[in-house]
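Undergrad: Got a structure here, written out as structure tokens. Questions coming.
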Amino acid sequence: MGRANKVVLAYSGGVDTSVCIPYLKEEWGVQEVITLAADLGQGDELEPIREKALKSGASESLVVDAKESFVKDYAFPALQANALYENRYPLSTALARPLIAKLLVVAAEQYGADAVAHGCTGKGNDQVRFDVSIAALNPNLKVLAPAREWGMSREETIAYGERFGIASPVKKSSAYSIDRNLLGRSIEAGPLEEPWTEPLEEVYLMTKAIADTPNEPEYVEISFERGIPTALNGESMAPLALISQLNQLAGAHGIGRIDMIENRLVGIKSREIYETPALWVLIQAHRDLESLTLTADVSHYKRGIEETYSQLIYNGLWYSPLKGALDAFIKQTQERVSGTVRVKLFKGNVYTVGRKSDNSLYSPDLATYGAEDQFDHKAAEGFIYVWGLPTRVWSQKTSH
Ligand code: ARG
């Protein structure tokens with residue numbers, strides 16, 4: 001009796017996940033492997049991937065287009081939370097994992113599988129995100145992670161695959177480890193493992209080098225309804241189209257490159273390069289619209305929530321009760337976050353240059369320094385007396 005009978009395996013078409021198929025069957029006694037490739041806009045052709053799984057020994061090869069759900073159910077809630085891990089990483093890879101986990105669980109239930117599997121190694125965050133998300137969605141399913149246990153080097157993995165007719169990669173495999181989807185690219189390893197080394201231009205695909213960006217700025221108006229982007233330059237757009245168009249616009253100006261040393265959940269510091277053009281611009285624009293439409297206390301309180309929320313996503317707790325509770329808070333704050341932000345894209349930067357909203361809390365009569373000023377200046381005196389009273393008392397009691 002093997003570790004499981006029927007397994008649904010998260011499949012990318014790469015060597016590692018392909019080798020997982022014969023490995024699960026031969027070494028772990030699995031009877032039947034069903035693969036599932038999720039289309040999250042990674043730009044791969046999916047039909048060859050579907051066929052490769054079958055050639056590698058899968059009994060069934062599923063391909064699921066999940067792009068729309070990825071944007072609506074994962075990216076947009078994160079945007080409403082202005083989610084940035086360690087203040088910088090827009091979580092483009094992290095957000096994909098709970099969605100893939102969900103697809104695996106749904107397929108496992110549909111096909112009567114007793115386990116799901118993935119090709120993650122034991123060093124990264126992604127294994128945690130998969131395992132914990134799967135446990136949250138269906139605690140009765142086993143999770144198998146062959147690459148966490150097989151201890152094969154790259155060469156050994158390729159050789160193992162060849163024994164089962166899995167062609168070794170045609171092109172010399174890249175020195176980098178790359179994860180990609182419609183929100184962005186994550187690039188690590190190879191020369192990037194030395195934190196002092198500047199990334200070569202070759203690592204970037206979605207963003208132009210500053211030297212090659214236009215010498216004229218480009219203005220874009222981004223409209224939001226309840227914290228969700230709905231139009232570019234006044235033209236209503238579906239979520240997917242909006243993200244891909246904004247990726248183009250911002251990428252052309254070299255916006256959204258991030259080079260950081262980050263703290264993984266498993267305790268390792270790693271150097272990662274990200275390019276997330278659209279998300280980078282959207283977070284900035286969304287924040288600016290919140291500045292206009294949220295009261296000061298909600299806005300300030302939300303910043304703490306955003307930090308926790310970003311950590312939850314990074315740490316694989318998308319389907320956790322705390323995440324659900326914070327979602328309710330964030331949703332409530334977005335009720336009035338509707339309006340338009342005007343940004344200027346130029347030489348790797350996004351500048352907010354204008355914002356407007358029917359729900360604006362900005363009051364020209366109060367803010368103006370002109371004759372129309374409605375603010376009661378004399379009232380400030382009494383306010384300051386009370387506000388400063390504790391400080392005054394403290395100072396009088398303290399020897400200087
Ligand atoms: N460090 C990022 C995260 O944990 C990306 C992980 C995948 N990166 C990669 N280059 N394969 O979300």
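Undergrad: Which numbered condition trips up residue 83, out of (1) under 23 Å from residue 223 (Cβ atoms); (2) within 16 Å of the ligand (Cβ to nearest atom); (3) assigned to a helix (DSSP H, G or I)?
TA: It fails just one condition, (3).
Undergrad: Any residue at all in region 350-359 that's under 29 Å from the mean Cα position of the chain (by Cα), modelled with pLDDT of 90 or more, part of a loop (DSSP other than H, G, I, E, B) and closer than 30 Å to residue 283 by Cα?
TA: Filtering region 350-359 down to residues under 29 Å from the mean Cα position of the chain (by Cα) leaves 350-357, 359.
Narrowing further to those that are modelled with pLDDT of 90 or more: 350-357, 359.
Keeping just the survivors that are part of a loop (DSSP other than H, G, I, E, B) gives 357, 359.
Right, trim to closer than 30 Å to residue 283 by Cα and you get 357, 359.
Yes: one or more hits.
Undergrad: Could you list, in sequence order, all residues of region 112-121 that are more than 14 Å from the ligand (Cβ to nearest atom) and either among the aromatic types (Phe, Trp, Tyr) or under 16 Å from residue 17 (Cβ atoms) (or both)?
TA: Selection gives 115, 116, 117.
Undergrad: Among the residues of region 11-21, is there at least one that is closer than 23 Å to residue 153 by Cα, touching a helix residue (DSSP H, G or I) at 6+ places or on another chain (Cβ under 7 Å) and of a type in the set (Asp, Glu)?
TA: yes
Undergrad: Which ones in region 122-149 are within 16 Å of the ligand (Cβ to nearest atom) and closer than 22 Å to residue 32 by Cβ?
TA: Start the filter on region 122-149 by keeping residues that are within 16 Å of the ligand (Cβ to nearest atom), which leaves 122-133, 145, 147-148.
Scanning region 122-149 gives 130, 131, 145, 147, 148.
Undergrad: Something else about it: Could you please find all residues in region 318-348 being among the hydrophobic types (A, V, I, L, M, F, W, C) and over 23 Å from residue 214 (Cβ atoms)?
TA: 318, 322, 325, 326, 328, 329, 330, 337
Undergrad: Sort through 249, 279 and tell me the only one that's under 29 Å from residue 132 (Cα atoms) and assigned to a helix (DSSP H, G or I).
TA: Answer to the check: 279.
Undergrad: Which numbered condition in (1) part of a strand (DSSP E or B); (2) closer than 17 Å to residue 41 by Cα; (3) away from the ligand (no atom under 16 Å from the Cβ) is the only one that residue 179 fails?
TA: It is condition (3) that residue 179 fails.
Undergrad: Take residue 203 and decide whether it is under 25 Å from residue 286 (Cα atoms), in contact with a strand residue (DSSP E or B) (Cβ under 6 Å, 6 or more places away or on another chain) and touching a residue at least 60 places away in the same chain (Cβ under 8 Å).
TA: no
Undergrad: Give the residue, chosen from 267, 316, that is touching a Pro at 6+ places or on another chain (Cβ under 9 Å), among the small types (Gly, Ala, Ser) and within 16 Å of the ligand (Cβ to nearest atom).
TA: Step by step, each of 267, 316 is checked, and only 316 is touching a Pro at 6+ places or on another chain (Cβ under 9 Å), among the small types (Gly, Ala, Ser) and within 16 Å of the ligand (Cβ to nearest atom).
Undergrad: Residue by residue through region 53-73, note down the ones that are surrounded by fewer than 24 Cβ atoms within 10 Å (Cβ to Cβ) and either closer than 23 Å to residue 243 by Cβ or within 16 Å of the ligand (Cβ to nearest atom) (or both).
TA: If the condition is that a residue be surrounded by fewer than 24 Cβ atoms within 10 Å (Cβ to Cβ) and either closer than 23 Å to residue 243 by Cβ or within 16 Å of the ligand (Cβ to nearest atom) (or both), then 63, 64, 65, 66, 67, 68, 69, 72, 73 are the ones that fit.
Undergrad: Let me ask another. Within region 111-132, identify whether any single residue is free of Cβ contacts under 8 Å to residues at least 12 places away in the same chain and either of a type in the set (S, T, N, Q) or part of a helix (DSSP H, G or I) (or both), and answer yes or no. Walk me through how you get there before you give the answer.
TA: From region 111-132, those free of Cβ contacts under 8 Å to residues at least 12 places away in the same chain are none; that's our starting set.
Among the residues of region 111-132, not one is free of Cβ contacts under 8 Å to residues at least 12 places away in the same chain and either of a type in the set (S, T, N, Q) or part of a helix (DSSP H, G or I) (or both), which makes the answer no.
The values are calculated or read from the model by the stated rules, or taken from the named source; none is laboratory data. Bear in mind the structure is a predicted one, so any value in this text is a computation, not a measurement. When we count neighbours, we look across all protein chains shown, and the Cβ atoms used for this are built from the backbone with ideal geometry, even at glycine.
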